[in-house]
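Have a look at the structure below, then the notes.
None of the figures in this text is laboratory data; all of them are computed from the coordinates on show. Bear in mind the structure is a predicted one, so any value in this text is a computation, not a measurement. All Cβ positions, glycine included, derive from the backbone under ideal geometry; neighbour counts span all protein chains shown.
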Amino acid sequence: METDGVELKLTLPEGGQQAALEKLGMDPLDVGIRQVFFFDTPELELDAAGVYVRARRIQGKADDLVVKRRPVELSELPKKLRDSPDFSTEFDGVGSSLKRSGSMERKLTDDDDVREATSGDKPLHALFTDEQEDFYAGGAPDGLKPDHLSVLGPVFVLKLKLEPAGYERELVGEMWIYPDDSRILELSTRCTLPEAPAVDAETRTFLKDLGIEISAVQETKTRKALDFFSKRLKAQGAKAGH
C-alpha cells in the first residue's frame with residue numbers, strides 16, 4: 001500500500017514541556033503508557049544502513065514490532081511486499097527535512113511478546129513475520145541477522161492525543177523519558193504531502209501564539225534513544241573486557 005502521507009514532528013525544549021502541555025489543554029488521565037525498545041548493534045550498524053527495528057509494549061493493547069527502512073525507494077521493493085496489508089509508507093518530516101520511510105508492522109500475540117524477547121527468554125527472530133525478515137534483509141548489512149542484535153531500551157513513553165482550541169488538526173504529544181531522566185517532548189500531526197509546507201507553518205505559528213517555544217535543534221526521539229543506549233552498551237563491553 002503506497003501513500004503520500006506526511007507525519008510532521010516538532011520537539012520542544014525540556015524546560016517548558018509541562019507548561020506547553022497545559023497550554024494545549026492536556027488531561028493527564030488521557031495519557032497512554034508505553035515501553036519502547038530498539039534493536040541494533042552497539043556500533044549502530046542498522047542505523048547506518050537506514051534500517052530500524054522497534055518493539056513496543058502498549059498499555060491495554062497488543063505488543064507490536066515494526067521494521068522500518070528510511071529512506072526507501074519503492075521501485076526497488078518487490079511488488080508482493082508493497083502490496084502487503086502490513087506494509088505502509090509515509091514521509092517523516094523533522095524541521096525542513098522530508099524522508100520517505102517504509103514500514104512493515106506486526107501486532108504480536110501473547111505467545112510472542114516483547115517482554116520475553118527483550119529479557120532473552122526467546123530469540124528476537126521469533127517476533128518477526130517472514131515478510132518482516134525479508135524486508136529487514138533487503139536493507140540490513142550482509143550477515144547481520146535479527147538474533148545478532150542487542151536490545152537498546154527501554155524508553156518509557158507517555159502518549160496523548162490533543163485537540164487544542166484554535167487548531168483545526170489533531171496533535172499527538174509523546175513524552176519520551178530516558179533512563180538518565182532526560183526527556184524529549186514531540187508534537188506531531190499528519191497531512192498530505194502537498195499540504196506539508198502550509199501545515200508546518202500553521203503549526204509553528206499556532207504554538208508561537210500560545211507562547212510555546214520550539215527547540216532550535218530538532219533532536220528526534222529515535223536518534224536520542226539509539227545514541228544513549230549505544231554508548232551504554234559500549235561502556236558495558238569495555239568494562240567487561242577489563
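Annotation: amide H-H contacts under 5 Å for residue 122 (H modelled 1.01 Å from N, sequence separation of 5 or more, or interchain): 117.
Between rounded, prolate and oblate, where does segment 9-137 land on the alpha carbon gyration tensor, with a ≥ b ≥ c its root eigenvalues, rounded for a/c under 1.5, else prolate if a/b exceeds b/c? The shape class here is oblate.
Which aspartates and glutamates, on any chain, are close to residue 99 with Cα under 18 Å apart, when same-chain ones fewer than 8 places away are left out? Candidates past the 8-residue exclusion: 2, 4, 7, 47, 73, 76, 90, 186, 195, 200, 219.
Here the gap between residue 156 and residue 218, fully extended at 0.36 nm per residue and compared with their Cα-Cα distance, gives a gain of 20.3 nm. Dividing the convex hull volume of the alpha-carbon atoms in segment 5-240 by its residue count gives 139 Å³ per residue. Counting 0.36 nm for each residue step from residue 44 to residue 234 and taking away their Cα separation leaves a gain of 67.3 nm. Shown here: segment 91-154, whose C-alpha atoms stretch 42, 26, 20 Å along the first, second and third principal axes, sorted largest to smallest. With 24 Å as the limit on Cα-Cα distance, the pairs of 208/231; 107/231; 23/68; 159/208; 23/231; 161/221 that go past it are 208/231; 107/231; 23/68; 23/231.
One chain, two ends: residue 61 and residue 201. Fully extended at 0.36 nm per residue, the span grows by 47.0 nm beyond their Cα-Cα distance. Ordering of 211-219, 18-26, 75-83 by packing is 18-26, 211-219, 75-83, highest average first (other Cβ atoms within 10 Å, averaged per residue). Inter-part distance, segment 53-88 to segment 124-148, computed on C-alpha centroids, equals 12 Å.
Note on segment 14-42 and segment 166-206: Cα centroid distance 12 Å, given to the nearest whole angstrom. Secondary-structure-derived ellipticity at 222 nm for the chain, considering helices only, amounts to -7500 deg cm²/dmol, per-run term -39500 (n - 2.57) for DSSP H runs with n ≥ 4.
Across segment 1-42, the residues whose backbone nitrogen lies under 18 Å from the label position 7 Å along the beta-carbon direction of residue 75 are 2-4.
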